[in-house]
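What follows is calculated from the coordinates using simple rules that are stated; it is not laboratory data. In this text the structure is predicted, and so the values were computed from the model without any measurement. Positions of Cβ are backbone-derived with ideal geometry, glycine not excepted, and every protein chain shown enters the neighbour counts.
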2 protein chains.
Amino acid sequence: MLDAGLHLLADQNLASLGVREVTREAGLSPAAFYRHFPDLAALGVALVEESLASLHVMIRSVLAEAGGAEEVIDRAVDVIEQHVREHRSHVRFLSRERHGGVRQVREAIDAELGRFATEVGAALALQPVSRGWSERDLRMLAELYVDRMVSTASAFLEAQESGPARERGIADAARFQLRLISLGRRHWQGS
Amino acid sequence: MLDAGLHLLADQNLASLGVREVTREAGLSPAAFYRHFPDLAALGVALVEESLASLHVMIRSVLAEAGGAEEVIDRAVDVIEQHVREHRSHVRFLSRERHGGVRQVREAIDAELGRFATEVGAALALQPVSRGWSERDLRMLAELYVDRMVSTASAFLEAQESGPARERGIADAARFQLRLISLGRRHWQGS
DNA sequence: CCATTCAGTAAACAGTCGTTTGCCGAACTT
DNA sequence: AAGTTCGGCAAACGACTGTTTACTGAATGG
């Protein structure tokens, strides 16, 4: 049922999805839906969890790898690109419903992204560059990184349909922007 | 009719909007809709134009004002906050449909944001800090700024419903992140 | 002053929708 | 072996949907 929903949401909105539509796609009877979810919103938050699980392991794999800023950035962009390629529907779902019309889903995504930011912040705190940074500033930096990650993923989503040239353009821009941020970070002195 | 649609879209998705729904809200008969739009998608792109008109004047007002980086940033964040306050529905519509389920609307928004980036890029090129920057790099920087502007606006949208404390938090984060970027920009040397 | 466009209407069309109900077989539990 | 939960079904309910058609009055223009 989750797969059916995800498939339908390829070119549709969660709010415009119908119970019958989902069950039809899944090859079940309409009543079967209510055996598993009370709402379509509930199916939405289930999809959020499913989608962010894979994203989570991706983030960890980037954070685990230590190394110079340049290498980390290159690797991060590569990992994002590959992740989008392998989980198109999940990424599309997240990017579409992050500001979508179903509050419960929006909130679930936001909460999970917040947890990501916490994780990124913890990793940043361990790096020597962060000496003297307040916790608040680290948090805001982490949010900036997470936000860029999401934006980049959305951009890849569209780019991968427009040929590899545009795809390389996105990767270049992402690397440039991340380098700029990390450069600013190194020259930052207190707020 | 546009106003009716915008009002409905406060807690709904363009893709899940109905013709009858709109006309009912507008106090007209269903058939009247087709006198003005062939599609709901057409109403969508009309709303895009309406929404981005006001955004456009906002951007210009920020770009026009010269001054130190700090002052420009502070003023930009203030202008964004005020704009969101005065045009809640428009901003919500844009943020929701930017990655929404209706392709024509998505493309209209993207095209317009691209034009914004061009405008921002032109303004950045005039500043002395940009000596030696390639056009490509300037473009990517401009896109980073536009993207942050949109993200910040979305954040304000949610924050203004959660009280002024959260609102100040968003403003602080936005200023911090913009300062970090402009710092990176000053220390950038070629790509 | 006549013709035409404009913006609106009511009515009808055939579908689709969400949800509830009662029923059923299979699989577990005890 | 008996009982209970689980996941599934068909059928039915009324309500709502997008779109077309034929018609109407007012404004506009020559």
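Taking the Cα centre of chain B as origin and assigning +1 to Lys and Arg Cβ atoms and -1 to Asp and Glu Cβ atoms, the resulting dipole is close to 320 debye. In the stretch B:20-64, the convex hull through the Cα atoms has an average projected area of 3.8 nm², a quarter of its surface area. With just the Cα atoms defining each centre, how far is the stretch A:1-49 from the stretch B:11-88? Give it in Å. One Cα centre to the other: 31 Å.
The slack in the chain from residue A:161 to residue A:88, taken as 0.36 nm per residue of separation less the alpha-carbon distance, amounts to 25.2 nm. Close amide-amide hydrogen proximity is noted between residue B:101 and B:15, each under 5 Å apart and 5 or more residues distant or on a separate chain (H modeled in the peptide plane; Pro and chain starts excluded). Structure remark: mean-square fluctuation, Gaussian network model of chain A, C-alpha springs under 10 Å; the largest value among A:119, A:49, A:21 belongs to A:21.
With contacts taken as Cα pairs under 8 Å and at least 6 residues apart, chain B reaches a relative contact order of 23 percent. For the stretch A:113-191, the relative contact order is 28 percent, taking Cα pairs closer than 8 Å that sit 6 or more residues apart in sequence and dividing their mean separation by the residue count. The spacing between the stretch A:142-191 and the stretch B:175-191, judged by their C-alpha centroids, is 14 Å.
Starting from the Kirkwood radius over alpha-carbon pairs of the stretch B:40-187, derive D by Stokes-Einstein at 37 °C in a medium of 0.692 mPa s and give it in µm² s⁻¹.
D, rounded to a whole number, is 205 µm²/s.
So, counting K/R as plus one and D/E as minus one, what does the shell of residues with Cβ under 10 Å around residue A:70 add up to? Computed value for this residue: +1. Summing charges over all other residues whose Cβ lies under 14 Å from the Cβ of residue A:116, with Lys and Arg as +1 and Asp and Glu as -1, gives -1. Membrane-span-like helices in chain A (whole DSSP H runs, Cα extent of at least 30 Å along the helix axis, mean Kyte-Doolittle hydropathy of at least 0.0): A:40-64, A:103-126, A:135-159.
Tell me the net charge near residue B:40. Cut-off is 12 Å between Cβ atoms, residue B:40 excluded, with +1 for each Lys or Arg and -1 for each Asp or Glu. Here the count lands on -2. With bins 20 Å wide beginning at 0, the percent of Cα pairs of the protein assembly as shown falling in each bin runs 27, 59, 14, 0.
Suppose R0 equals 30 Å; then what is the FRET efficiency for residue A:10 and residue A:60 from their Cβ-Cβ distance, rounded to the nearest 0.05? Show your work: numbers first, answer last.
Working: r = 27 Å, r/R0 = 0.91.
Using R0 = 30 Å, I get an efficiency of 0.65.
The mean count of C-beta atoms from other chains within 10 Å of the C-beta of residues in A:102-114, rounded to a whole number, is 1. Each Lys and Arg Cβ is given +1 and each Asp and Glu Cβ -1; about its Cα centre, the protein assembly as shown then shows a dipole of about 340 debye.
If you run the Gaussian network model on chain B, springs between alpha carbon atoms under 10 Å, then out of B:20, B:35, B:85 the most flexible one is B:35. Peptides A:167-180, A:124-137 ranked from most to least packed give A:167-180, A:124-137, packing being the mean of other C-beta atoms within 10 angstrom over each peptide's residues. Between the stretch B:92-129 and the stretch A:107-129, how many Å separate their Cα centres? Spelled out, the Cα-based centre of one part sits 28 Å from the other.
Evaluate Rg over Rh across the stretch A:1-119, taking Cα atoms for both radii and Kirkwood's formula for Rh. Mind dumping the intermediate values first?
Numbers: Rg = 16.3 Å, Rh = 15.5 Å.
Dividing the radius of gyration by the Kirkwood radius yields 1.05.
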